[in-house]
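For reference, the structure is listed below as structure tokens.
The values are calculated or read from the model by the stated rules, or taken from the named source; none is laboratory data. These numbers were taken from a predicted model, which means no experiment stands behind them. Cβ placement follows ideal geometry from the backbone for every residue including glycine, while neighbour counts extend to all protein chains displayed.
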Amino acid sequence: MERMFSVEDGLSHYPGTTEQLSEESLVELSRVREVLDQIPPREADFVELYFFRRIRQTTIATLFNISQPTVCYRLQRAAARIKYLLDMPSHDQWLMEQDLKGVLTDPRDIEIMIGMVQTTCQSEVAKRMGVTQGFVRHRFFRTIDRLKQMHGMDHYVDVFEHVAGNLNILKETHRAEWSEAVIHVIN
């Protein structure tokens with residue numbers, strides 16, 4: 001295996017499949033590539049190897065010294081995160097914040113709404129703000145209900161409801177074996 005990684009191109013010489021993809025599949029893969037930096041790095045590596053380089057799950061498992069079912073689970077989790085990101089209604093976060101400042105009087109509500117869009121994780125937002133998860137959850141859903149009653153906020157409501165339907169989707173699962181240094185670098 002060492003000789004496969006000793007060349008300058010590294011994994012490009014590793015055996016994968018040679019199956020050609022349709023034009024539609026190539027377009028979808030291009031969209032996926034655009035959001036890879038928004039999912040946990042290890043999952044992005046797995047997606048890169050499996051979907052872009054067409055390397056089998058068993059080979060990925062060997063490379064990372066984990067089981068094939070773990071690779072399968074992480075690919076499924078990555079797919080769910082990617083679907084969430086691709087389905088997110090388009091929005092400008094800076095403009096969203098400015099518009100929310102124009103209709104919400106409590107800066108904590110604005111911070112919660114923006115934080116939930118960024119992370120989808122109540123605990124992460126709560127930790128950033130120094131408040132409880134219950135506080136964040138209550139204010140998040142209460143603010144969505146308030147925005148539904150306001151003229152011109154429909155698009156933001158769509159964004160926040162997308163987040164509400166996918167809570168914690170961007171939260172990274174922390175396990176001891178994932179904190180180990182990555183041995184193989186993928187360019």
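Filtering the range 69-79 to residues that are crowded, with 17+ Cβ neighbours inside 10 Å and closer than 24 Å to Val27 by Cβ leaves Leu75, Arg77, Ala78.
Here Ile66 passes the criteria (1) touching a residue at least 24 places away in the same chain (Cβ under 8 Å); (2) surrounded by fewer than 18 Cβ atoms within 10 Å (Cβ to Cβ); (3) assigned to a helix (DSSP H, G or I) except the one numbered (3). For the range 10-28, the criterion of being touching a helix residue (DSSP H, G or I) at 6+ places or on another chain (Cβ under 7 Å) and at pLDDT 70 or above is met by no residue.
Taking the range 23-52 as the range and being buried (at least 16 other Cβ atoms within 10 Å of the Cβ) and without any contact (Cβ under 8 Å) to a residue 60 or more places away in the chain as the test, the residues that pass are Val32, Val35, Leu36, Glu43, Ala44, Phe46, Val47, Tyr50, Phe51.
For the range 97-139, residues that are loosely packed, with under 15 Cβ neighbours inside 10 Å, among the polar types (S, T, N, Q) and not in a helix (DSSP H, G or I) total 2.
The set of residues in the range 142-151 being of a type outside the set (Lys, Arg) and without any contact (Cβ under 8 Å) to a residue 12 or more places away in the chain consists of Asp145, Gln149, His151. Determine whether the range 80-93 contains at least one residue that is basic (Lys, Arg), loosely packed, with under 15 Cβ neighbours inside 10 Å, part of a helix (DSSP H, G or I) and assigned by TED's automatic domain parsing to the domain that holds Thr132. No, the range 80-93 contains no residue that is basic (Lys, Arg), loosely packed, with under 15 Cβ neighbours inside 10 Å, part of a helix (DSSP H, G or I) and assigned by TED's automatic domain parsing to the domain that holds Thr132.
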